[in-house]
Amino acid sequence: MRQTSRAAGSEGDADVLEDRLRRFATIWSRAIFPATATSLTRPEFEQHLLPLARELSSALHARPFTAQAAHQVGAALVGAHCTDPDALGRTLGVVDAYLVLYCGDPEQTAEENRARCARLQHALAAGFAQALRERTLAEQESIARSSLLARSEALQAMHATEARFRAVFEGAAIGIGIADLEGNVLEVNDTLTQMFGGLENHVRGRKVTDWAHPEDRPQVWQLYQELVTGEREHYRVEKPFYRNDGTVLWTNLTVSLLRDADGEPQYQLALFEDTTERRLLNLRLRYEATHDALTGLPNRTLFFERLEKAVSAPAGARFGLCYLDLDGFKTINDSLGHATGDRLLVEVADRLQSCATAPGEMVARLGGDEFVALTTGPDTQNAVDELATRILAALATPIRVDGREFTVRGSIGIVEGPAGERTSAEVLRSADITMYRAKSAGGNRFEIADPEADARAITRHGLTNALPAALDRGEFFIEYQPLVHLGDGSVHGAEALVRWCHPQHGVLGPDRFIPLAERTGLIVPLGRWVLQEAVRQARFWSRRHTDGGPLRINVNLSPAQLQHPGLVADTVDVLERSGLEPGALCLEVTESALIGADEDRLKPLRQLAEMGVDIALDDFGTGYSNLANLRRLPVSVLKLDRSFTQGMQRHPADPVDLKIVEGIVSLAHSLELAVTVEGVETAAQAEQLRELGCDTAQGWYYARPGAPDRIHTLVLADAV
């Protein structure tokens, strides 16, 4: 049943597409039918265009994309006698206006559909031009043969041959000129005269060498010399000429050598195909493909061409790159709409363009609110800093849009160095990383690339990508650090500390990957795995050590886990599956995570506390929280941050630290809260904390984090 439904849906989609293709073909035929030399009626011509419309639609949807089909469509138009220049222009207009409208791929973005359509236009024009050129060249060859025949038979049938030659010569759709071997122009037809501005005396009687143009390729005149000396029979080149009014005429020029009856070089025959309009079309399509439609700046394509040229320049050359991202631009788009955001981007682009006017400088838009500025030259070390400074200064003046003023700021990452040492992708990646470093530092500034910082960022990126698979492959493991009763020195429990055994980087501590897991959302499944493993281990200890083994396991919770709706249910499920009593579990939450927490955020912790699970306030004293709030928090343990006890490692102990700790312990006990101290490293510390009334402690003085089978083995050794 499902397969039948899908098939029916596909048939319906096909019918809709076929109907749109017929409408597209109808519009196409109406546009170019007056410009065709065909014996078909307009309905017949429309049926002739329908298969070509299907080919363009298929090419627009193709994966991988290729414009070859459009090239064939252009050739097919010439084959159907649509050779009038207006036929090509009208066809490109119809394709531009209606192809995406009727046949666009809904699975592709509008920008991608338009980009594909532009490339199909370009290929169609190229196919049309190639086919027309081949057809024209065939005519040219026929004309050349007719000219030779007319000259050789002149004495035998002067009048008939002259009439035939003139008919071909004057009626040709291409320009024809005949010159002697010295380069003097002897004959031109009307078509050639019109190409050059309509004044025959400005063409006839001139020397071929008078038609030099600054854009002539060097081999053009070398080929000409080889022709007039008889070393070659013909040559074909693309060559520009100046018209009488100073404008430029672009041609496909074919020059052939004409020999007399004895085989000696006598004349040169030149055939001119006017390609000016086609060239202008190609330039327009090239511009649209390499420039941003909104701002008019060079786009990603053109920028990468320039960057690749800069980084692969000869030894000794240098380049500088500024990678700019606007600070807070998303807020403008979200609050005021994309129309306002677009006008703001246009103004930003104008200001950036005014900053990069020196030789070797360019500005481009990569997309969204990301821009780049490139500078090349001998002193880019100073030039790129000055360019970044100009950009920030240009953005400092408020921008007025729709009667409102906006202050736009940006973060810039700078990469500067010699060419030949890095690829363009490596340069852009370094600039991107450096830009985010500037943004992290507060924005509205620029930072210069630092290879070591890049390496750290790349490592972080690699670790972020590897995190999901690492959990699946079992690369994480847990070490346990004992919690010790300060009163009698017995083991009270242990804190579970997760580690990552990375295949390349070795064992990584939580500071290397927990922030990454929090940003990616992997902290929730990772935290659940840690809870499962720690609770399972605690249950094993309780069965194995019936003589007062660790009765409590401490597990850390991140802020992301606290906000996860499944926290309570997951914890209950883990405890029930293991058989561990809730009172043997202590969940540690950092003080900063609970600052300003409302009742909704505290509700899961209250539910867990009501079940009997202990809640410890970790890193107490670092979050600047209101001590009065302790009364409303569902906590039973304060874990005092190590910064308060470091002064106790010296003798005598810092009296201020002693007073602070004494006060916190007194406050905690008055609220019926136990106090655990972190970072105990010496016997003197341990004794002082015991005298101050602290309940439990952990630190290297007792044991470093280790395997679970070592939890009962305490090696008391001062670190000092």
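The values are calculated or read from the model by the stated rules, or taken from the named source; none is laboratory data. This structure is a prediction, so every number in the text was calculated from the model and none was measured. Heads up, the Cβs are rebuilt from the backbone with ideal geometry, glycines too, and the neighbour counts pull from every protein chain shown. All accessible areas refer to the heavy atoms of the entire protein, side chains included, with ligands and DNA or RNA removed. Shrake-Rupley method; radii C 1.70, N 1.55, O 1.52, S 1.80 Å.
Could you list, bin by bin from short to long, the percent of Cα-Cα pairs of the stretch 434-527 in 5 Å steps?
3, 11, 17, 17, 13, 12, 10, 8, 5, 3, 1, 0
For the ranges 277-284, 290-297, what's the packing order if you count other beta-carbon atoms within 10 Å of each residue, average per peptide, and put the highest first? Mind showing how you got there, number by number?
Values: 277-284: 14.6, 290-297: 16.6.
Descending packing order for the listed peptides: 290-297, 277-284.
Which one, Gly663, Val188, Met435, projects farthest toward the positive side of the charge dipole computed for the chain from Cβ point charges (K/R +1, D/E -1)?
Toward the positive end, the furthest listed residue is Val188.
Apply the a/c threshold of 1.5 to the C-alpha gyration tensor of the stretch 253-382 and tell me whether it is rounded, prolate or oblate. Mind showing how you got there, number by number?
Details: a/c = 4.77, a/b = 2.08, b/c = 2.29.
Verdict is oblate for the stretch 253-382.
Taking the chain as the reference, fit the longest principal axis to its C-alpha atoms, fit the long axis of helix 276-290 to the helix C-alpha atoms, and give the angle between the two in degrees, 0 to 90, nearest 10.
Value to nearest ten degrees: 0.
What per residue convex hull volume, in Å³, comes out for the chain when only alpha-carbon positions are used?
On the way: hull volume 198.1 nm³, N = 720.
Hull volume over Cα atoms, normalised by residue count, gives 275 Å³.
Within 11 Å, Cβ to Cβ, of Glu46, how many net charges do the neighbouring residues add up to if Lys/Arg are +1 and Asp/Glu are -1?
Summing Lys and Arg as +1 and Asp and Glu as -1 gives +3.
When the dipole is taken about the Cα centre of the stretch 495-609, and only Lys, Arg (+1) and Asp, Glu (-1) are charged at their Cβ, what size is it in debye, to the nearest 20? Don't skip to the answer; put the middle values down first.
Numbers: 13 positive and 14 negative charges, 78 e Å.
Here the stretch 495-609 has a charge dipole of around 380 debye.
Quick one: 3J(HN,Hα) in Hz for the stretch 533-542, Karplus 6.51/-1.76/1.60 with θ = phi - 60°, rounded, Gly and Pro as x.
Calculated HN-Hα couplings, in order: 5, 5, 5, 4, 5, 4, 5, 5, 4, 5 Hz.
By how many degrees, 0 to 90 and rounded to 10, does the Cα axis of helix 338-355 deviate from the longest principal axis of the chain?
The angle comes out at about 70 degrees.
As I understand it, the value is the acute angle between the Cα axis of helix 300-311 and the longest principal axis of the Cα atoms of the chain; what does it come to in degrees, rounded to 10?
80 degrees
Classify the stretch 67-130 as rounded, prolate or oblate from the Cα gyration tensor: take a ≥ b ≥ c as the square roots of its eigenvalues, call it rounded if a/c is under 1.5, otherwise prolate when a/b beats b/c and oblate if not.
Numbers: a/c = 2.61, a/b = 1.98, b/c = 1.32.
Prolate, since a/c reaches 1.5 and a/b exceeds b/c.
Between Ala261, Leu630, Phe45, whose Cα lies farthest towards the positive end of the dipole of the chain when Lys and Arg beta carbons carry +1 and Asp and Glu beta carbons carry -1, centred on the Cα centre?
Among Ala261, Leu630, Phe45, the one farthest towards the positive end of the dipole of the chain is Phe45.
So, for the stretch 332-434, what is the accessible surface per residue at a probe of 1.4 Å, expressed in square angstrom? Present the calculation step by step, with values, prior to reporting the outcome.
Numbers: 4520 Å² over 103 residues.
I get 44 Å² per residue for this part.
Calculate the dipole size of the stretch 365-490 relative to its Cα centre from +1 charges on Lys and Arg beta carbons and -1 charges on Asp and Glu beta carbons; express the result in debye to the nearest 20. All intermediate terms of the calculation are to be shown ahead of the outcome.
Numbers: 13 positive and 19 negative charges, 95 e Å.
Charge dipole of the stretch 365-490: 460 debye, to the nearest 20.
Tell me the mean residue ellipticity at 222 nm calculated for the chain from its helices only (DSSP H runs of n ≥ 4, each -39500 (n - 2.57), averaged over every residue, nearest 500). The partial results should precede the final answer.
Numbers: 24 runs with 351 residues, N = 720.
That calculation yields -16000 deg cm²/dmol at 222 nm.
To the nearest 0.05, how large is the calculated FRET efficiency for Leu667 and Arg422 if R₀ is 41 Å and r is the Cβ-Cβ distance?
With R0 = 41 Å, the Cβ-Cβ based efficiency is 0.10.
Given axes a ≥ b ≥ c from the Cα gyration tensor, I'd like to know whether the stretch 257-314 is rounded (a/c under 1.5), prolate (a/b larger than b/c) or oblate.
Values: a/c = 8.90, a/b = 2.40, b/c = 3.71.
Oblate.
Could you tell me what percent of the accessible area of the chain is made up of carbon and sulfur, with a 1.4 Å probe and every protein chain present? Before the final figure, lay out the partial values.
Details: 18530 of 36000 Å².
Taking all protein chains in place, the chain shows 51 percent carbon and sulfur surface.
Taking the alpha-carbon centroid of each part, what is the distance from the stretch 225-270 to the stretch 40-88 in angstrom?
34 Å
Just to confirm a number: summing +1 for Lys and Arg and -1 for Asp and Glu over residues other than His338 whose beta-carbon lies under 12 angstrom from that of His338, what do you get?
-1
In the stretch 475-544, if the dipole is taken from +1 on Lys/Arg beta carbons and -1 on Asp/Glu beta carbons about the Cα centre, which of Ala538, Leu508, Gly489 is farthest to the positive end?
Toward the positive end, the furthest listed residue is Ala538.
I'd like the FRET efficiency for Leu186 and Arg279, computed as 1/(1 + (r/R0)^6) with the beta carbon distance as r and R0 of 35 Å, rounded to 0.05. Intermediate results must be reported in sequence, preceding the final value.
Working: r = 29 Å, r/R0 = 0.82.
Approximately 0.75, to the nearest 0.05.
Considering only protein heavy atoms, what per residue accessible area in square angstrom results for the stretch 435-543 with a 1.4 angstrom probe? Provide the component values of the computation, followed by the final result.
Values: 5340 Å² over 109 residues.
About 49 Å² of surface per residue is accessible.
In debye to the nearest 20, how big a dipole does the stretch 556-645 give about its Cα centre with +1 on each Lys and Arg Cβ and -1 on each Asp and Glu Cβ? Walk me through the intermediate numbers first.
Working: 8 positive and 14 negative charges, 44 e Å.
Around 220 debye, computed over the stretch 556-645.
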